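The values are calculated or read from the model by the stated rules, or taken from the named source; none is laboratory data. All figures in this text were calculated on a predicted structure; none of them were measured in a lab. Cβ placement follows ideal geometry from the backbone for every residue including glycine, while neighbour counts extend to all protein chains displayed.
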């Protein structure tokens, strides 16, 4: 892996990356979406993302993979990193009770991702559209959107408008917007 600290790139990596990450860059290129990326040590917490945030000039969003009590409905919640998540606030807005974090097995099965790598980009692996995308409206106020490319050792900055107008329609994904 390119291990250059404090470096940003606007091209697809050429070193030995996982297919799930390379698929993100292929999609971005196919949709003519400009991006910048940086590589870093594995980011397991929002605090781990701070250096990448500064380098990219955008705050990476918090991504929470959730399910209902019966484990029949699944949700990917995108929200600002600094906001506190309260289950009852979200449950009320999406008419679902007893939300909890979905298991690693469901994450792998539905999004093709591992813990720490959850990203809106993982919806490209949800071809059956079993995961409902929920977006906190506050994320829409920023010109740029920050996320991982399905791996937590890289981070991306894209235009929020590209996410909403190109990526999500390409994926056949219609988000639900909430105020948290």
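Restricting to region 28-51, count the residues that are modelled with pLDDT of 75 or more, part of a helix (DSSP H, G or I) and within 18 Å of residue 144 (Cβ to Cβ).
1
State whether one or more residues within region 54-65 are surrounded by fewer than 15 Cβ atoms within 10 Å (Cβ to Cβ), out of contact with any helix residue (DSSP H, G or I) (no Cβ under 7 Å at 6 or more places or on another chain) and under 18 Å from residue 155 (Cβ atoms). Show your work before the answer.
Of the residues in region 54-65, the ones surrounded by fewer than 15 Cβ atoms within 10 Å (Cβ to Cβ) are 54, 57.
Those left that are additionally out of contact with any helix residue (DSSP H, G or I) (no Cβ under 7 Å at 6 or more places or on another chain): 54, 57.
Then keep just the ones that are under 18 Å from residue 155 (Cβ atoms); that gives 54, 57.
Yes, there is a match, as at least one residue in region 54-65 is surrounded by fewer than 15 Cβ atoms within 10 Å (Cβ to Cβ), out of contact with any helix residue (DSSP H, G or I) (no Cβ under 7 Å at 6 or more places or on another chain) and under 18 Å from residue 155 (Cβ atoms).
Only one residue in 22, 55 is modelled with pLDDT of 75 or more, assigned to a helix (DSSP H, G or I), in contact with a strand residue (DSSP E or B) (Cβ under 7 Å, 6 or more places away or on another chain) and farther than 14 Å from residue 147 by Cβ, so which one is that?
Selected residue: 55, the only one of 22, 55 that is modelled with pLDDT of 75 or more, assigned to a helix (DSSP H, G or I), in contact with a strand residue (DSSP E or B) (Cβ under 7 Å, 6 or more places away or on another chain) and farther than 14 Å from residue 147 by Cβ.
What pairs come out if I take residues in region 150-177 that are more than 18 Å from residue 76 (Cβ to Cβ) and pair them with residues that are at pLDDT below 95 and not in a strand (DSSP E or B) whose C-beta lies under 6 Å away, six or more apart or interchain?
As it stands, the answer is 153/42; 157/56; 157/58, since those pairs meet every condition given.
For region 102-180, which strands (runs of 3 or more DSSP E) that fit wholly inside it have 1 or more residues that are within 25 Å of residue 17 (Cβ to Cβ)?
131-136, 144-147, 154-159
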